[in-house]
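The structure appears below as structure tokens.
No lab work stands behind these numbers, since they all come straight from the coordinates. Keep in mind it's a predicted model, so treat the numbers as computed, not measured. Note that each Cβ is placed from the backbone with ideal geometry, even for glycine, and that neighbours are counted across all protein chains shown.
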Amino acid sequence: MTPGLLVRTSLRLLKRHPPAAGWNGGRVPRARAALASFIVVAVAFNLAALVALDELRPGVRDPEYGRRVRHYRERVAENPGRPVVLVLGSSRAAMGVCPSAWEDVCPTGSGMIFNLSVLGGGPVMELLIARRAIVDQVRPAVVLLEYWPPYFYSEGNWVEPRRIVGERLSPIDRPIVRDYFPNPAGMEARMRAFRLNPIWEARERLLVQVFPKWVRNDRRMDWMWDGVDEWGWKPGFDYPPGNTPKRDSMLAACGAIYRPLFADYRISTSADRALHEAVATARDMGAAVGLLYMPESSEFRSWYTPDAERLARAHLAGISRELGLPVINAREWMDDGLFVDGFHLSRVGAREFTQKLGPAIDAAFPEARR
């Protein structure tokens, strides 16, 4: 129940049951006072929660992002003056870029890599995260935006904003909701409901961060940020290198999803526009910007139809040329046995990949060196 609805309901009750005359006349004022106190306390708690979620602890609303920003600040404080390479992307980048592996081998003078990717993130989410990062005073030397053709296909369930839940959105995200969401009015109504009664609307999101066992397993969302390390890396499956029956099973399941997509592949103008805006926003941070094409297994690459391959290659080349973006194309860098499903790297694969990525960043971006 929202504070406004609580007040209106209370007033109706008072109108229906006016003060009684006689011996119980003293009880009604006390009841009114108690009810008024309850309303004041309820409103105060909700206002306090709103201030906390919007101003004091905004990371509680979206822990997947908020915890990474906290770790980013800690790493910057530990490495004053060292250039930061910020990676923005999807689960493929979140699980595939392991900055601590680069720290193990990077030469003196190289920048540090930090992973600000979020699960399910495509061009719209990259734009949203980049805009938030500006507000949060994130100032990298280089921003690498993940480029992946499936996220430029926006049909049916592949419309990216449908994967973004309203509970993680804050007022600063409203322009993106209005520009990119298929039902912006509905999502804004959902956001208003959250702001009117944050304690109730955010109850599961708050509980799962404090008392996770109190939330039903099928309602828990902490798997999205559970295990994220101090460099923003979310470790994937801990598979040993090589092919296994489990890996084959996951690859087959993914094939059933992605083959139809590539058979009907086309570039979404909305996703393309979001990428353009994400590049401009990253440059507003004062950063050099490039595109990162994460690795795919040979099986996954075989699912692209000739038309899909042609469209994706032409789009990537066109974006790079139009916006002057270096491209680190790591699509064929890794052996098939280092993937868990054809496009997510295992933990071993992520470490090996990142140790290859670091020198490529140094070569492409002088800004990444000091």
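Tabulated results
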item	result
Given (1) loosely packed, with under 15 Cβ neighbours inside 10 Å; (2) touching a residue at least 12 places away in the same chain (Cβ under 8 Å); (3) among the charged types (D, E, K, R), number of the condition Arg313 does not satisfy	(2)
Scope region 235-270; condition of a type in the set (Ser, Thr, Tyr) and part of a loop (DSSP other than H, G, I, E, B); matching residues	Tyr239, Thr244, Tyr265, Ser268
Positions within region 334-352 being under 23 Å from Pro83 (Cβ atoms) and surrounded by fewer than 23 Cβ atoms within 10 Å (Cβ to Cβ), in sequence order	Arg351
Count of region 323-364 residues which are among the aromatic types (Phe, Trp, Tyr) and touching a Leu at 6+ places or on another chain (Cβ under 8 Å)	2
